[in-house]
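Visitor: My structure is below; once you've seen it, I'll send some questions.
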Amino acid sequence: MKQLLVAKIGGNIIEDKDALNQFLIDFSKIEGPKILIHGGGKSATQLSEKLGVKTEMIDGRRITSAENLDVVVMTYAGLINKNIVAGLQKHGSPALGLTGADANTIMATKRPAQFVDYGFVGDVEKVNDKMIKGILDMGIIPVFCAITHDGNGQLLNTNADTIASEIASAMSAHFEVSLFYCFELKGVLEDINNKDSVIEHIDLEKYAKLRDDQVIADGMLPKLQNCFDALQKNVASVHIANSEYIKDNTVKHTTLSL
Ligand SMILES: Nc1ncnc2c1ncn2[C@@H]1O[C@H](COP(=O)(O)OP(=O)(O)O)[C@@H](O)[C@H]1O
Ligand SMILES: CC(=O)N[C@@H](CCC(=O)OP(=O)(O)O)C(=O)O
């Protein structure tokens, strides 16, 4: 089976112009089919503040009111997505920026209000793997932001780590997929204050222990859950690392297994 790289970059890299540019240079150099997913939560929060729109997060998920949805669509699908696409073109990569509504690539359903009403937050229902494969077959690099749709004209906000995991899983029907979560640290850390304390392997048992011992917190909790979801849905390999890994996959980082 042909290999496919699915890479996701988070808010801290996107906010750092030099780090983002270096990532796009290194990503452009990788041969073969590839997909990029980006977040941008930090930028959306900053723009919300400027616009006087309140931000509320629960367990790493944004409570997305109609007003918040406008801000995140403008930020993710507009400013960030188009800057990344332009950056990739600059380095010779034929990139195509997409929300899940574009070419109906990712359908989601609005999360029902149970204990928490997340507002316009979407849980992924269906990734259109055939459409994405068609785009890849044209030699194009799809660049997804964290916006999906419900098929009834409603845009929804979906966590970018989840989008990466769902795309990687769906594309495993056609490729041997390697999923890479790229963020500002070297990997999952044993001690958040020691940047070199990288935990090189995490399986489900270790994950449960890290969670119980509160070694992992905040956005790292859903990120790891997304990693395991991907492995359970046939993704061949999942790694969490900083952008050095894209140049040299032997650098110290975190590899996940079931
Ligand atoms: N043990 C840990 N190791 C590394 N990061 C951790 C750990 N526990 C919590 N974190 C936090 O998780 C964050 C990464 O999650 P998130 O902000 O969702 O990432 P991204 O930038 O990819 O969107 C890190 O910036 C860090 O603050
Ligand atoms: C529902 C939900 O929480 N969506 C996220 C989407 C962006 C994202 O995931 O950005 P990072 O990868 O930079 O964290 C949010 O609005 O923050």
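Visitor: Does VAL72 count as among the aliphatic types (A, V, I, L, M), away from ligand 2 (no atom under 13 Å from the Cβ) and within 17 Å of the chain's Cα centre (by Cα)? Steps first, answer last, please.
Guide: On the way: among the aliphatic types (A, V, I, L, M): yes; away from ligand 2 (no atom under 13 Å from the Cβ): no; within 17 Å of the chain's Cα centre (by Cα): yes.
Answer is no for this residue.
Visitor: A further question on this structure: Scan segment 237-245 and tell me whether some residue there is exposed (fewer than 14 other Cβ atoms within 10 Å of the Cβ) and within 30 Å of GLY134 (Cα to Cα).
Guide: no
Visitor: Kindly indicate which of SER48, SER65 is open to solvent by less than 30 Å² (accessible area, probe 1.4 Å) and touching a residue at least 12 places away in the same chain (Cβ under 8 Å).
Guide: SER48
Visitor: Now, a different point. One residue is enough: does segment 19-39 have a residue meeting the conditions open to solvent by less than 10 Å² (accessible area, probe 1.4 Å), among the hydrophobic types (A, V, I, L, M, F, W, C) and within 12 Å of ligand 2 (Cβ to nearest atom)?
Guide: The answer is yes, given that some residue of segment 19-39 is open to solvent by less than 10 Å² (accessible area, probe 1.4 Å), among the hydrophobic types (A, V, I, L, M, F, W, C) and within 12 Å of ligand 2 (Cβ to nearest atom).
Visitor: Tally up the residues in segment 201-220 that are open to solvent by less than 60 Å² (accessible area, probe 1.4 Å) and within 16 Å of ligand 2 (Cβ to nearest atom), please.
Guide: So the count comes out to 4.
The values are calculated or read from the model by the stated rules, or taken from the named source; none is laboratory data. Treat the numbers as computed from the prediction; the structure is a model and nothing was measured. Here the Cβ is made from the backbone with ideal geometry for all residues, glycine too, and neighbour counts use every protein chain on show. Remember, those area values only see protein heavy atoms, side chains included, never the ligands or the DNA or RNA. Shrake-Rupley method; radii C 1.70, N 1.55, O 1.52, S 1.80 Å.
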